[in-house]
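Read-outs: derived from the displayed coordinates by stated rules, not from any lab. Keep in mind that this is a model prediction, so the values were computed, not measured. Here the Cβ positions follow ideal geometry from the backbone for every residue, glycine too, while neighbour counts run over all protein chains shown.
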Amino acid sequence: MSRRVVITGIGIYSTIGKNLSEVKDSLYNGKSGIGIDPFRKEMGFHSALTGIIERPKLKGVIPRRARVGMAEQGEYAYMATVEAMKNAGIDQDFLNANEVGILYGNDSSAVPIIEAADIIREKKDTTMAGSGSIFQSMNSTITMNLSVLLKLRGVNMTISAACASGSHAIGLGYMYIKEGLQDTIICGGAQEVNAMSMGSFDALSAFSSREDNPAAASRPFDKNRDGLVPSGGGATLILESYESAVKRGAPILAEVRGYGFSSNGEHISVPNVVGPQASLERALKDANVKAEEIDYLNAHATSTPVGDLNEAQAIFNVFGSTTPISSTKSLTGHEMWMGGASEVIYSMIMAQNSFIAANLNFEEADEYSEKINVIAERISKEIKIFASNSFGFGGTNSSLVIEML
């Protein structure tokens, strides 16, 4: 069995907007979501740059027992999922009557672990950590909380694959539905935005130091890029079989046409060219789409010197010089485990509104980015088929091909 897999709902809670409408305006107007976190300076961080996001107020929205066990990134995922379900026409009655799964990308939950350890060291009493601590601390905190809150009875897994987590979650959801194992899956990715989750990254000197102008700090493909800006939030897509969507009269927004994956098999933190290229080529082959049919590619491009350089080479090897390329990380910063899901949503928003958002701060190309078609200013563009790249530590790569319907 091989079935068509469609997207019937999307939801977003991001540094550039708390819902789809706000995010569309930010993408269109080139509004950055990056700012300064003074606490990071107090803690001795080399860079205080971060995506700025407000925690949702869930008191009175979900039960206290559920809030106690939900980590920061779970809150963002909940908000995104509520919006996606609403847009897909899915309510609790539907969830109760049908087997719906959840596959969500997440690869850390730092604060609950740190806080529990501090309490145990100080109090010498493990019970003082609180009954919700374990449920916040586990990497599967999002899927375990949402599956219980929404009473889901289908596949229930967290995809932990560094900065490709959200993309792999969509890819695996696509495979489950394509093979007839599920009809409907909630897919996505979420990322905590607290300082504690970023300390080790900061120690690697991976972050931009352009604190004097936060909006100019994330500059994918630009010759003078000096590092990424950490960010986060939550992004959810509702994946369904085409038959399921038609049967219930759901709005069909797009179709997942292809999923590609690979592993670099080399350095744990430095990407190469061969792995990302293989991932892209596999996605195109799975989609039965030629490179020249892709109207837009949302690149992984995090604004790091080596990462962007190698990805530009991989893109050129696959697409040549004409395919429009941009990285929405120029606006949002690097949303880590969330990025693979959010960037599909950003691309869908652009496709729905016939434009490509500017790759902010692309002022001077380097020897490799000059060979590809980086969109430095917003352009009007009809987008029928797009691709999205996500790569992560350990050399994990994921590429998706999506067709708008």
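Annotation for the range 311-360: chymotrypsin sites (Phe, Trp or Tyr not before Pro) lying in DSSP loop with at most 16 further Cβ atoms inside 10 Å of their Cβ do not exist. In terms of its C-alpha gyration tensor, the range 127-197 comes out oblate, because a/c is 1.5 or above while a/b does not outweigh b/c. Applied to the range 70-80, the Karplus parametrisation 6.51 cos²θ - 1.76 cosθ + 1.60 on θ = phi - 60° returns per-residue 3J(HN,Hα) values of 9, 7, 3, 5, x, 5, 5, 4, 4, 4, 5 Hz, with x for Gly and Pro. Longest stretch of the chain clear of exposed loop sites (trypsin sites (Lys or Arg not before Pro), DSSP loop, at most 11 other Cβ atoms within 10 Å, sites excluded): 152-289. Largest GNM mean-square fluctuation across Ala245, Ala301, Ala217, computed for the chain with C-alpha springs under 10 Å, falls on Ala245. Pairs exceeding 29 Å between alpha-carbon atoms, taken from Lys59/Lys178; Lys18/Lys247; Lys41/Lys329; Lys18/Lys151; Lys18/Lys384; Lys57/Lys381: Lys59/Lys178; Lys18/Lys247; Lys57/Lys381. Among Thr236, Thr304, Thr141, sorting on how many other beta-carbon atoms sit within 10 Å of each Cβ, with the fewest leading, yields Thr304, Thr141, Thr236. Could you pull out the GluC sites (Glu not before Pro) across the range 286-388 that fall in loop regions by DSSP (anything but H, G, I, E, B) with no more than 15 other Cβ atoms inside 10 Å? The qualifying sites are Glu363, Glu364, Glu367, Glu377, Glu382.
Could you tell me which GluC sites (Glu not before Pro) in the range 1-73 are loop residues by DSSP with no more than 14 other beta carbons within 10 angstrom of their beta carbon?
When the GluC sites (Glu not before Pro) of the range 1-73 are filtered for loop state and at most 14 Cβ neighbours within 10 Å, Glu54 remain.
Approximating the spin labels as points 7 Å out from Cα along Cα→Cβ, the Ser380-to-Ser200 distance works out to 4.9 nm.
Gain in length, Asn98 to Lys290, computed as 0.36 nm per residue apart minus the alpha-carbon separation, to one decimal in nm?
65.4 nm
Going by a ≥ b ≥ c, the root eigenvalues of the Cα gyration tensor, does the chain fall in the rounded group (a/c under 1.5), the prolate group (a/b larger than b/c) or the oblate group?
Verdict is oblate for the chain.
Counting every other Cβ atom within 10 Å of each residue's Cβ, Met196, Met43, Met85 order from fewest to most as Met43, Met196, Met85.
Would you order Tyr28, Tyr368, Tyr176 from fewest to most other beta-carbon atoms within 10 Å of each residue's own beta-carbon?
Tyr28, Tyr368, Tyr176
Largest mean-square fluctuation among Asn288, Asn389, Asn106, in a Gaussian network model of the chain whose springs join Cα atoms under 10 Å apart, belongs to Asn288. Shape of the range 60-152 from its Cα gyration tensor (a ≥ b ≥ c, root eigenvalues): rounded if a/c is under 1.5, otherwise prolate when a/b > b/c, or oblate? Cα axes put the range 60-152 in the prolate bin. The alpha carbons of the range 94-251 occupy a box of 53, 53, 22 Å along the principal axes, longest dimension given first. Couplings 3J(HN,Hα) for the range 2-12, derived from phi with the Karplus relation 6.51 cos²θ - 1.76 cosθ + 1.60 (θ = phi - 60°), are 9, 10, 6, 10, 10, 9, 10, x, 9, x, 8 Hz, where x marks Gly and Pro.
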